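Trainee: I am attaching a structure below and will ask some questions about it afterwards.
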Number of protein chains: 2
Amino acid sequence: MSEKDPLVVFMPSGKRGRVPKGTPVLSAARRLGVDLDSVCGGRGICSKCQVSFGPGSYPKLGLTVAEDALSPWNAVEARYDEKRGLKPGRRLGCQAEILADVVLDVPPESQVHRQVVRKAATLRDIRMDPATRLYFVEVDAPDMHEPSGDLERLNRALAAQWQIGPVEAPLSLLRRLQPVLRKGGFQITVAVHHAHRGPARLIDLWPGLYEGGLYGLAIDLGSTTVAAHLCDLVTGAVIESAGIMNPQIRFGEDLMSRVSYSMMNPGGDVEMTAAVRGAMDALAGEIAATAGIDPRAVVEAVIVCNPVMHHLLLGIDPVELGQAPFALATSGAMDLACSELDLTRMNPAGRLYLLPCIAGHVGADAAAVALSEAPGEQDELTLIVDVGTNAEILLGDRQGVLACSSPTGPAFEGAQISSGQRAAPGAIEAVRIDPVTKIPRFRVIGCDAWSDEPGFDAAITGICGSGIIEALAEMRMAGILDPSGLIGSAEQVGSDRLRPEGRTQAYVLHEDEDRTITVTQGDIRAIQLAKSALYAGARLLMDTRGADKVDRVVLAGAFGAHISPLHAMVLGMIPDVPLDHVTSAGNAAGTGARIALLNRAARAEIEATVTGIHKIETAIEPRFQEHFVAANAMPHAVDPFPELRKIVSLPDVSFNRGGDGADRTRRRRSRAPS
Amino acid sequence: MSEKDPLVVFMPSGKRGRVPKGTPVLSAARRLGVDLDSVCGGRGICSKCQVSFGPGSYPKLGLTVAEDALSPWNAVEARYDEKRGLKPGRRLGCQAEILADVVLDVPPESQVHRQVVRKAATLRDIRMDPATRLYFVEVDAPDMHEPSGDLERLNRALAAQWQIGPVEAPLSLLRRLQPVLRKGGFQITVAVHHAHRGPARLIDLWPGLYEGGLYGLAIDLGSTTVAAHLCDLVTGAVIESAGIMNPQIRFGEDLMSRVSYSMMNPGGDVEMTAAVRGAMDALAGEIAATAGIDPRAVVEAVIVCNPVMHHLLLGIDPVELGQAPFALATSGAMDLACSELDLTRMNPAGRLYLLPCIAGHVGADAAAVALSEAPGEQDELTLIVDVGTNAEILLGDRQGVLACSSPTGPAFEGAQISSGQRAAPGAIEAVRIDPVTKIPRFRVIGCDAWSDEPGFDAAITGICGSGIIEALAEMRMAGILDPSGLIGSAEQVGSDRLRPEGRTQAYVLHEDEDRTITVTQGDIRAIQLAKSALYAGARLLMDTRGADKVDRVVLAGAFGAHISPLHAMVLGMIPDVPLDHVTSAGNAAGTGARIALLNRAARAEIEATVTGIHKIETAIEPRFQEHFVAANAMPHAVDPFPELRKIVSLPDVSFNRGGDGADRTRRRRSRAPS
């Protein structure tokens, strides 16, 4: 390029260079590596390559752009504007030619690899690079002198016009290829899936230029619920979200009872497979219908789930996952056709991607959390806990990542709690107890006001996971509960909120004509078991890493979004860190699924990451048992929790009537290292 | 290796080399590149690596082999002999160690790449190299400290123990992997399909050592019949053959009527697809049952067929093949799972391979003929004709190969002939006419004697394709038929075998109380049209090649096996060559299917060959019409047929009452070049 050639600057990338006068904008963009979309390949019909052109002075760039820096509208551009309309200042990049120095803005909708912004500042945005893309091609008509097949000529066109392929075509599409080619006068649009490994595949085809969108589903297949986000594969936007109950619940509430069902009932796994596939299919159909989208346009799904759901979805009996050594049939990522999982209410030739599993207890959902939260890219040592029936725990920084699963049981979800219930309207979700009067106030799902505020009028039905955690922590802070987990009597605490229940005590949280909601000694024990398992798992990873403390704690999962970091730390669920270093990542597994859906490089990335994650099996680590016992106290028998003690003071009470001395000894020991 | 190391010579390859004393025979074979089989990988259980050991003097090799040149039987060999028995002189190659100079014979059954001998001396033998093979592997048991999936550990074992993989596993096998591995104590046998392109795939798996065989089907899917050979994928032997009628006949006798059926009846192609898939499935089940083989052991099929059957089998509407430009949906080879074509009575994960099509009129069957007959590897210019409803014609030598299809119609198969019938008992299949008395004698299918011999007692029902060709040629040689194709009258010929039929004559071949079998003028015209098309196609290829004659003619197809070369040449069906240069290749398409089944390199070979074949479309070549007209005369209006005239004299008769002069002129012209 000589100095006489016009200079073109593309914004927002700032990429610049000189091109020969008369070069179309799209060609210039390609030459300079500027991300400018095109489906029709420069034929002036798809309008994906639009740029904004504004004559005038650009002092920062040292440029003045003349009115005639681009060629005048040609017939193609004029026809497009007449039929569809172009916004003011917009030009079709494939038609407008560069005649003089010019500054052009590539609007977000014209970028293939636009960024999808994620909220948390610590996290990378998602770079759009979906596996399935549209290509408009002009295929040579058949010629008796050169009798190649239509598919072969399509592949020749894709190679010549788009430098991709050859594509493999499933029989269902081969069947449609000839009529569609002829209907479109040998001009067609194809959707091609570029797997990050394996061949490119034809997913669908339309006569002429297809102007509809392409969509994908990010599915978080949980033991209890199945949640799906319908995403636009061009913009990355979430178009619609929906969730349904996992119908496998009728075979067992938790995973292990489903494994047992399969063990006890020959063919039980087949029933459960059919149930979950049917539910996913229904969900896919429903979400497309709600969004008003042709199910055929839904061409991909990414699924994350725990190992038992993973096997049941694939049609593999999960029996080995119910017993040591918890062997997975396959731990690798899966790339399948929708039809292989009997999904009929999205594009039948569409592709499914399942993230890899980390271990027999640490599934593709944990891998998705790792993809979303990227512990291996953090400078700070980060602990990520995804609390469900099992807690998946990741610990890592740039030095490496460790993972384990810990059997917390369902207490954190409100199960095994005397007044426990799922997080639904009527459930107490937040609790405060006055340390002097020992009188509680609370907030109930479905009502914004606290129970002592005007406007509170909720019907109270029970207590959910976050509510029980806050209740216990508040009881501990109010001196109602001692460090060992014993509830004091009315006499010991000095409040008639305490009532004997057999040989133990219960704390009355709420009482009306319909029901009395108490926290019982049994509830305390259930939460203690759960939190001990969680803390012991985290501690085991810290031991393996040789770390005495972590820099940051991330609470993932729907539960993580509702938990109060302060209360969790009072209970000793999580290791001691400054409170503002505890963050919620929301549904990080679902986010991981969305990342893998929108960016195919992320699939290769998580597959590589997973092989590098060091797995710890809690069930066979003798130290797990030690950590579990020590974590029984609230917050902990040995670990000092200095950050926590900076902000709250925990009353030094003991309600052990029989063995006061022993109890004091233990508390003394627990304070020794501080 | 030093001179002190023992020398080992493997027969029949003659490969030799020195190996350290104590080297197991199997290891020595691998080191020297000797083809010695093993399924168990040297564990002394599969016995595939047997060698023959004979002490004594080998003067030609300059060696004397001592009794103790191999180590004595060890416990593994002794146990094998006790349980299964070893033939005298046989040793297990993985157990016997080389202690001194030794000559070892590798029996055919111990060779992986044994040769399957083909009869014709001009043809290469088939080298065994099947795509699907068995591997016995010991897989690591799962380990909680290294929680990889069972499939991943299987792949690790295949890589370490066999240097293959990783294999992809369909969900149906992934489902069976865990129980089979555990049943076999983590020792299993897997059948792996090594595609000549694409990934290796798991086809089946068995606990422990699987001692059954692996089989494949070579299927010739014709318009009228479906023929299948069940082949042993280890020895290459044809175990069983069977054929059934193509049930699509009910939609139309010939291909074009089936294409019409599809055009006229929406969904007609779907019906026809279901019919042919069902028939193939039934045939696969039947042939395995007859052979007493577990259908699961049938793990591969190679299918050859014409383009219309190809599309109908794949579920593609063949409508485009019924009209110019005869565009195929795909011309490439297809590699599919059995389940994709609804084949359930062989291994469900088994693989199907369809040879590529050459053009819209020249199908995978012609490609299979090219694979079997290898015209491109001949030093002599070879013409191959595969006669059916369409004749496929190949012409080539090392310089290149040409192909076309010519619309002969069904006359050669006995259709459109007044007394015509299929080749079945009762059909006249051979005819001789006494040139003096004009009295015929003939042979009938189902009876070995000629009609004038004692012991002839056949019920005569009609005349088949080879019979009508011989009848016409004999009539021509006996002076009953003139070169233009006119039958003489009783008076002109001097025989009461000639009878008027309207304005033309008919020749009585046979008469009894039940029926009179004649050759009519209409029959002559039908055969003339067919033979003119065949000859014109061949001549068009010769023109394109710039050749005035060919060196060799190969008649392929079931019909080719029954045709008399002399008679075919008298009619001018094929170009003039010395009679002993006309050979029959039998069912060359079926043989091509068998080659592709047994040798996967042949698949890559034919795919490359097909792209190099130059296709001629007869329908748009103006010279085809010229050649067609000139070929109407018998043997030909212009071409001199000098080789034919060396062995037969063709009477110079003319029965054209109206235009005698014109007729003579034509005959004079026809003799001019000779």
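Trainee: Tell me, which residue of segment A:173-197 that is aliphatic (A, V, I, L, M) and part of a strand (DSSP E or B) is farthest from the other protein chains (Cβ to nearest Cβ)? Break it down into steps so the answer makes sense when it comes.
Mentor: First, the residues of segment A:173-197 that are aliphatic (A, V, I, L, M): A:173-174, A:177, A:180-181, A:188, A:190-192, A:195.
Narrowing the set further to residues that are part of a strand (DSSP E or B) leaves A:188, A:190-192.
Values: A:188: 14, A:190: 15, A:191: 18, A:192: 16 Å.
Checked segment A:173-197; the qualifying residue farthest from the other protein chains (Cβ to nearest Cβ) is A:191.
Trainee: Further question: Got a sec? Which of B:82, B:77, B:67 is farther than 30 Å from residue B:595 by Cβ and part of a loop (DSSP other than H, G, I, E, B)? First the steps, then the outcome.
Mentor: Values: B:82 fails: part of a loop (DSSP other than H, G, I, E, B); B:77 fails: part of a loop (DSSP other than H, G, I, E, B).
Testing whether each residue is farther than 30 Å from residue B:595 by Cβ and part of a loop (DSSP other than H, G, I, E, B) leaves just B:67.
Trainee: What is the residue count in segment B:12-40 for residues that are part of a loop (DSSP other than H, G, I, E, B) and surrounded by 18 or more Cβ atoms within 10 Å (Cβ to Cβ)? Full working, then the answer.
Mentor: Taking segment B:12-40 first, the residues part of a loop (DSSP other than H, G, I, E, B) are B:12-14, B:19-22, B:32-40.
When the remaining residues are screened for being surrounded by 18 or more Cβ atoms within 10 Å (Cβ to Cβ), the result is B:19, B:34, B:36-40.
The total comes to 7.
Trainee: To continue, here is another question. Scan (1) under 23 Å from the mean Cα position of the chain (by Cα); (2) outside any loop (DSSP other than H, G, I, E, B); (3) surrounded by 20 or more Cβ atoms within 10 Å (Cβ to Cβ) for the single condition residue A:535 breaks and write down its number.
Mentor: (1)
Trainee: Collect the residues in segment B:1-33 that are touching a residue at least 60 places away in the same chain (Cβ under 8 Å), more than 27 Å from residue B:208 (Cα to Cα) and among the aliphatic types (A, V, I, L, M), keeping them in residue-number order.
Mentor: Hits for segment B:1-33 are B:7, B:8, B:9, B:11, B:19.
Trainee: Separate question: Report yes if some residue within segment B:214-222 is surrounded by 21 or more Cβ atoms within 10 Å (Cβ to Cβ) and aromatic (Phe, Trp, Tyr); otherwise report no.
Mentor: First, the residues of segment B:214-222 that are surrounded by 21 or more Cβ atoms within 10 Å (Cβ to Cβ): B:214-222.
Adding the requirement that they be aromatic (Phe, Trp, Tyr) leaves B:215.
So far as segment B:214-222 goes, yes, one or more of its residues are surrounded by 21 or more Cβ atoms within 10 Å (Cβ to Cβ) and aromatic (Phe, Trp, Tyr).
Trainee: Is at least one residue of segment A:444-459 part of a strand (DSSP E or B) and crowded, with 21+ Cβ neighbours inside 10 Å?
Mentor: Initial filter on segment A:444-459 (part of a strand (DSSP E or B)): A:444, A:450.
Filter again for crowded, with 21+ Cβ neighbours inside 10 Å, leaving A:444.
There is at least one residue in segment A:444-459 that is part of a strand (DSSP E or B) and crowded, with 21+ Cβ neighbours inside 10 Å.
Trainee: Go through the residues of segment A:206-213 one by one and say whether even a single one is buried (at least 21 other Cβ atoms within 10 Å of the Cβ) and without any contact (Cβ under 8 Å) to a residue 40 or more places away in the chain.
Mentor: No, because not a single residue in segment A:206-213 is buried (at least 21 other Cβ atoms within 10 Å of the Cβ) and without any contact (Cβ under 8 Å) to a residue 40 or more places away in the chain.
Trainee: Hey, another quick one. Does residue B:200 satisfy the condition of being of a type in the set (A, V, I, L, M, F, W, C), within 14 Å of chain A (Cβ to nearest Cβ), in contact with a His (Cβ under 8 Å, 6 or more places away or on another chain) and touching a residue at least 24 places away in the same chain (Cβ under 8 Å)? Walk me through how you get there before you give the answer.
Mentor: Details: of a type in the set (A, V, I, L, M, F, W, C): yes; within 14 Å of chain A (Cβ to nearest Cβ): yes; in contact with a His (Cβ under 8 Å, 6 or more places away or on another chain): yes; touching a residue at least 24 places away in the same chain (Cβ under 8 Å): yes.
Yes, satisfied.
Trainee: Okay, next question. When you look at residue A:628, is it more than 14 Å from chain B (Cβ to nearest Cβ), over 23 Å from residue A:443 (Cα atoms) and among the aromatic types (Phe, Trp, Tyr), yes or no? Before the answer, list the steps.
Mentor: Details: more than 14 Å from chain B (Cβ to nearest Cβ): yes; over 23 Å from residue A:443 (Cα atoms): yes; among the aromatic types (Phe, Trp, Tyr): yes.
Taking the combined requirement at face value, the residue satisfies it.
Trainee: Let me ask something else about it. Specify which of the listed residues (B:4, B:15) is basic (Lys, Arg) and either at pLDDT 90 or above or under 42 Å from the mean Cα position of the chain (by Cα) (or both). First the steps, then the outcome.
Mentor: Numbers: B:4 fails: either at pLDDT 90 or above or under 42 Å from the mean Cα position of the chain (by Cα) (or both).
After ruling out the rest, the residue left standing is B:15.
Trainee: Out of the residues in segment B:320-330 that are within 22 Å of residue A:155 (Cβ to Cβ) and either surrounded by fewer than 22 Cβ atoms within 10 Å (Cβ to Cβ) or of a type in the set (Ser, Thr, Tyr) (or both), state the one that is farthest from the other protein chains (Cβ to nearest Cβ).
Mentor: First pass over segment B:320-330, keeping only residues within 22 Å of residue A:155 (Cβ to Cβ): B:320-321, B:325-330.
Checking which are either surrounded by fewer than 22 Cβ atoms within 10 Å (Cβ to Cβ) or of a type in the set (Ser, Thr, Tyr) (or both) leaves us with B:325-326, B:330.
Working: B:325: 5, B:326: 7, B:330: 4 Å.
Result: B:326.
Trainee: Consider residue B:284 carefully, then state whether it is touching a residue at least 24 places away in the same chain (Cβ under 8 Å) and either assigned by TED's automatic domain parsing to the domain that holds residue B:542 or within 30 Å of residue B:534 (Cα to Cα) (or both).
Mentor: Working: touching a residue at least 24 places away in the same chain (Cβ under 8 Å): yes; either assigned by TED's automatic domain parsing to the domain that holds residue B:542 or within 30 Å of residue B:534 (Cα to Cα) (or both): no.
Here the answer is no, as residue B:284 does not meet what is asked.
Trainee: Still on this structure, I have one more. Show me the helices (runs of 4 or more DSSP H) entirely contained within segment A:539-632 in which 3 or more residues are under 20 Å from residue A:116 (Cβ atoms).
Mentor: On the way: elements: A:557-562, A:565-571, A:588-598, A:600-612, A:622-630.
Hits in segment A:539-632: A:588-598, A:600-612.
Trainee: If you don't mind, another one. How about segment B:487-524: which of its residues are charged (D, E, K, R) and within 19 Å of residue B:436 (Cα to Cα)? Don't jump to the end; show me each part of the working.
Mentor: Narrowing segment B:487-524 to residues charged (D, E, K, R): B:491, B:496-497, B:499, B:501, B:503, B:511-515, B:523.
Across segment B:487-524, the qualifying residues are B:491, B:496, B:497, B:499.
Trainee: Let me ask you something else. Quick check, is residue B:333 within 14 Å of another protein chain (Cβ to nearest Cβ), within 20 Å of the chain's Cα centre (by Cα) and either under 29 Å from residue A:155 (Cα atoms) or at pLDDT 95 or above (or both)?
Mentor: Values: within 14 Å of another protein chain (Cβ to nearest Cβ): yes; within 20 Å of the chain's Cα centre (by Cα): yes; either under 29 Å from residue A:155 (Cα atoms) or at pLDDT 95 or above (or both): yes.
In short, yes.
Trainee: Applying the selection to segment B:388-419, what residues are in a strand (DSSP E or B) and either crowded, with 24+ Cβ neighbours inside 10 Å or among the acidic types (Asp, Glu) (or both)? Spell out the reasoning first.
Mentor: Within segment B:388-419, the first condition is being in a strand (DSSP E or B), and the residues that meet it are B:391-397, B:400-406.
Within segment B:388-419, B:391, B:392, B:393, B:394, B:395, B:396, B:397, B:401, B:403, B:404, B:405, B:406 qualify.
Trainee: If only one of A:288, A:227, A:284, A:237 is exposed (fewer than 15 other Cβ atoms within 10 Å of the Cβ) and small (Gly, Ala, Ser), which one is it?
Mentor: Details: A:288 fails: exposed (fewer than 15 other Cβ atoms within 10 Å of the Cβ); A:227 fails: exposed (fewer than 15 other Cβ atoms within 10 Å of the Cβ); A:284 fails: exposed (fewer than 15 other Cβ atoms within 10 Å of the Cβ).
Only one candidate passes the filter, namely A:237.
Trainee: Then there is this: Tally up the residues in segment A:357-385 that are within 14 Å of another protein chain (Cβ to nearest Cβ) and surrounded by fewer than 24 Cβ atoms within 10 Å (Cβ to Cβ), please.
Mentor: So in segment A:357-385, the residues within 14 Å of another protein chain (Cβ to nearest Cβ) come out as A:357-364, A:366-367.
Then drop every residue that is not surrounded by fewer than 24 Cβ atoms within 10 Å (Cβ to Cβ), which leaves none.
Going through segment A:357-385 one residue at a time, the tally reaches 0.
Trainee: While we're on this one: Could you check segment B:419-443 and list, in sequence order, the residues that are within 16 Å of residue B:519 (Cα to Cα) and not charged (D, E, K, R)?
Mentor: B:419, B:420, B:421, B:427, B:428, B:430, B:431, B:433, B:439, B:440, B:442
Trainee: Which of (1) under 28 Å from residue B:558 (Cβ atoms); (2) polar (S, T, N, Q); (3) touching a helix residue (DSSP H, G or I) at 6+ places or on another chain (Cβ under 7 Å) is the odd one out, the single condition residue B:421 does not satisfy?
Mentor: It fails just one condition, (3).
Trainee: Could you tell me whether segment B:169-187 includes any residue that is hydroxyl-bearing (Ser, Thr, Tyr) and more than 36 Å from the chain's Cα centre (by Cα)?
Mentor: So the first thing to find is which residues in segment B:169-187 are hydroxyl-bearing (Ser, Thr, Tyr), and the list is B:172.
Next, only the ones that are more than 36 Å from the chain's Cα centre (by Cα) stay: none.
No - not one qualifying residue is present in segment B:169-187.
Trainee: Could you say whether any residue in segment B:336-346 is facing chain A (nearest Cβ under 10 Å), hydrophobic (A, V, I, L, M, F, W, C), closer than 20 Å to residue B:223 by Cβ and surrounded by fewer than 24 Cβ atoms within 10 Å (Cβ to Cβ)? Spell out how you get there, then give the answer.
Mentor: Within segment B:336-346, the subset facing chain A (nearest Cβ under 10 Å) is B:336, B:340-341.
Add one more test, that the residue is hydrophobic (A, V, I, L, M, F, W, C), and what stays is B:336, B:341.
Then drop every residue that is not closer than 20 Å to residue B:223 by Cβ, which leaves B:341.
Pick out the ones that are also surrounded by fewer than 24 Cβ atoms within 10 Å (Cβ to Cβ) and you get B:341.
Yes, segment B:336-346 contains a residue that is facing chain A (nearest Cβ under 10 Å), hydrophobic (A, V, I, L, M, F, W, C), closer than 20 Å to residue B:223 by Cβ and surrounded by fewer than 24 Cβ atoms within 10 Å (Cβ to Cβ).
Trainee: Follow-up question, since we're still on this one. Can you name every residue in segment B:142-171 that is assigned to a helix (DSSP H, G or I) and at the interface with chain A (Cβ under 8 Å from one of its Cβ atoms)? Steps first, please.
Mentor: Kept after step one, since they are assigned to a helix (DSSP H, G or I), are these residues of segment B:142-171: B:150-162, B:171.
Within segment B:142-171, B:150, B:151, B:152, B:171 meet the criteria.
Trainee: Right, another one. Suppose we filter B:591, B:611 for residues that are among the polar types (S, T, N, Q) and either within 14 Å of chain A (Cβ to nearest Cβ) or surrounded by fewer than 19 Cβ atoms within 10 Å (Cβ to Cβ) (or both); which single one remains?
Mentor: Values: B:591 fails: either within 14 Å of chain A (Cβ to nearest Cβ) or surrounded by fewer than 19 Cβ atoms within 10 Å (Cβ to Cβ) (or both).
Of B:591, B:611, the one residue that is among the polar types (S, T, N, Q) and either within 14 Å of chain A (Cβ to nearest Cβ) or surrounded by fewer than 19 Cβ atoms within 10 Å (Cβ to Cβ) (or both) is B:611.
Trainee: From the residues in segment B:126-141 that are over 21 Å from residue B:598 (Cα atoms) and surrounded by fewer than 22 Cβ atoms within 10 Å (Cβ to Cβ), which one is nearest to the other protein chains (Cβ to nearest Cβ)?
Mentor: Filtering first and then ranking leaves B:141.
Trainee: Something else now. Inspect segment B:298-310 for any residue being in a loop (DSSP other than H, G, I, E, B), within 13 Å of another protein chain (Cβ to nearest Cβ) and either in contact with a helix residue (DSSP H, G or I) (Cβ under 7 Å, 6 or more places away or on another chain) or basic (Lys, Arg) (or both) and give the result as yes or no.
Mentor: Taking segment B:298-310 as the starting set, the residues that turn out to be in a loop (DSSP other than H, G, I, E, B) are B:306.
Add one more test, that the residue is within 13 Å of another protein chain (Cβ to nearest Cβ), and what stays is none.
No, the conditions are met nowhere in segment B:298-310.
Trainee: State whether the residues of segment A:366-387 include one that is under 27 Å from residue B:139 (Cα atoms), in a loop (DSSP other than H, G, I, E, B) and not assigned by TED's automatic domain parsing to the domain that holds residue A:280.
Mentor: No - not one qualifying residue is present in segment A:366-387.
Trainee: Might you check whether a residue that is within 19 Å of residue A:243 (Cα to Cα) and in contact with a Cys (Cβ under 8 Å, 6 or more places away or on another chain) occurs anywhere in segment A:379-390?
Mentor: No: segment A:379-390 contains no residue that is within 19 Å of residue A:243 (Cα to Cα) and in contact with a Cys (Cβ under 8 Å, 6 or more places away or on another chain).
The values are calculated or read from the model by the stated rules, or taken from the named source; none is laboratory data. Nothing here was measured: the structure is a model prediction, and the numbers come from that model. Heads up, the Cβs are rebuilt from the backbone with ideal geometry, glycines too, and the neighbour counts pull from every protein chain shown.
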